[in-house]
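K.L.:
Quick one: the structure is below, questions incoming.
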Amino acid sequence: MSASGNNFIKLALADDHRIFREGIKMALGGKPHLKIIWEADDGKDLMHKMAIKMPDVLLMDIRMPELDGISAIQLIRKENEDIKIIVLTMYDDQQMISKMMESGANAYLTKTTDPDEIYEAILTCVNDDFYFNDLVNQAVLLRLQHKKTVRQHYPKQIQFSEKELQILKFLGEDKTTEEISKLVFLSPRTIESIRQNMKAKVGVKTIAGLIVYGMRNKLIE
């Protein structure tokens, strides 16, 4: 676990329902390595407090007054790619899940999620970039199957070789290392080496993170 030069993760909450915020604070207040640094009750308040003190992890609802979560996440990502954003909402629509993940969320949870899983998602996002549950897995898979266009929100351009793009495409199709090895005529060890190099280029720690990057940047169609 790592956290901005301290032995704790700076956590912020953004939700327009005060009772829900109080419930989250009670549920997470006693968890190790967490410190709730502020809370916001609408999107405008969220952006104001983000400018004053940046958290390591933001728990954010989608539907908020002044500025909704969709617009807020896009504004945040224009300025900061490092903060981990966990959507915590009552909506479980697959199109909404895909949209939020493509816009820059690191995890998507519903408000019925057990507090222990919320805590697990926070730690996982800090250590491994993304937290993938069944909701997100199903939405991402559906998105890939339908081959819909994904908008690019990250300005950073990474150059991949033709072979790397081939391998990324096959990863998006959920092919194994052995299957990819046969398709591109390289040894499994070489495939693993290329995958590690691609993750290093993108700055992610997992294959799931690499696939989400490919989706966000139209590399997987």
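The values are calculated or read from the model by the stated rules, or taken from the named source; none is laboratory data. A quick note: this is a predicted structure, and the numbers were derived from the prediction, not measured. With ideal geometry, Cβ positions are generated from the backbone for all residues, glycine too; neighbour counts draw on all protein chains shown. These area figures cover heavy atoms from the full protein model, side chains too; ligands, DNA and RNA do not enter into them. Shrake-Rupley method; radii C 1.70, N 1.55, O 1.52, S 1.80 Å.
K.L.:
Of the conditions (1) open to solvent by 70 Å² or more (accessible area, probe 1.4 Å); (2) part of a loop (DSSP other than H, G, I, E, B); (3) over 22 Å from TYR119 (Cα atoms), LEU67 fails just one. Which one is it?
P.N.:
(1)
K.L.:
Next question, about the same structure. Could you go through the stretch 121-130 and let me know if any residue there is at positive phi and either part of a helix (DSSP H, G or I) or under 15 Å from the mean Cα position of the chain (by Cα) (or both).
P.N.:
The answer is yes, given that some residue of the stretch 121-130 is at positive phi and either part of a helix (DSSP H, G or I) or under 15 Å from the mean Cα position of the chain (by Cα) (or both).
K.L.:
Quick one: PRO115 ticks every box in (1) in contact (Cβ under 8 Å) with a residue 12 or more places away in the chain; (2) closer than 26 Å to VAL202 by Cβ; (3) out of contact with any Ser or Thr (no Cβ under 7 Å at 6 or more places or on another chain) bar one, so which box is it?
P.N.:
Tallying (1) in contact (Cβ under 8 Å) with a residue 12 or more places away in the chain; (2) closer than 26 Å to VAL202 by Cβ; (3) out of contact with any Ser or Thr (no Cβ under 7 Å at 6 or more places or on another chain), PRO115 fails exactly one: (2).
K.L.:
Can you spot a residue in the stretch 190-198 that is part of a loop (DSSP other than H, G, I, E, B), open to solvent by less than 50 Å² (accessible area, probe 1.4 Å) and at pLDDT 90 or above?
P.N.:
Within the stretch 190-198, not a single residue is part of a loop (DSSP other than H, G, I, E, B), open to solvent by less than 50 Å² (accessible area, probe 1.4 Å) and at pLDDT 90 or above.
K.L.:
Then there's this: Given the structure, is ILE52 under 23 Å from ASP128 (Cβ atoms) and either among the hydrophobic types (A, V, I, L, M, F, W, C) or modelled with pLDDT under 90 (or both)?
P.N.:
no
K.L.:
Another question about this same structure. All but one of (1) closer than 23 Å to LYS78 by Cα; (2) assigned to a helix (DSSP H, G or I); (3) touching a helix residue (DSSP H, G or I) at 6+ places or on another chain (Cβ under 7 Å) hold for VAL204; state the number of the condition that does not hold.
P.N.:
Status for VAL204: all satisfied but (2).
K.L.:
So which residues in the stretch 180-194 are more than 19 Å from THR206 (Cβ to Cβ) and either in contact with a His (Cβ under 6 Å, 6 or more places away or on another chain) or of a type outside the set (A, V, I, L, M) (or both), if there are any at all?
P.N.:
SER181, LYS182, PHE185, SER187, ARG189, THR190, listed by residue number.
K.L.:
Follow-up. Pick from the stretch 199-221 the residues that are loosely packed, with under 13 Cβ neighbours inside 10 Å and in contact (Cβ under 8 Å) with a residue 60 or more places away in the chain: which of them is farthest from PHE160 (Cα to Cα)?
P.N.:
The selected residue is GLU221.
K.L.:
Now, a different point. Being of a type in the set (Asp, Glu) and open to solvent by 70 Å² or more (accessible area, probe 1.4 Å) is the filter here, so list the residues in the stretch 75-107 that pass it.
P.N.:
Passing the criteria: GLU79, GLU81, ASP82, ASP92, ASP93.
K.L.:
Just wondering, is there one or more residues in the stretch 108-130 that are modelled with pLDDT of 90 or more and in contact with a Cys (Cβ under 6 Å, 6 or more places away or on another chain)?
P.N.:
no
K.L.:
Output the number of residues of the stretch 158-187 satisfying the condition of being open to solvent by 80 Å² or more (accessible area, probe 1.4 Å), among the polar types (S, T, N, Q) and more than 12 Å from MET198 (Cβ to Cβ).
P.N.:
Number satisfying all stated conditions: 0.
K.L.:
How many residues, within the stretch 10-54, are open to solvent by 40 Å² or more (accessible area, probe 1.4 Å), in a loop (DSSP other than H, G, I, E, B) and out of contact with any helix residue (DSSP H, G or I) (no Cβ under 6 Å at 6 or more places or on another chain)?
P.N.:
Adding up the residues that qualify gives 9.
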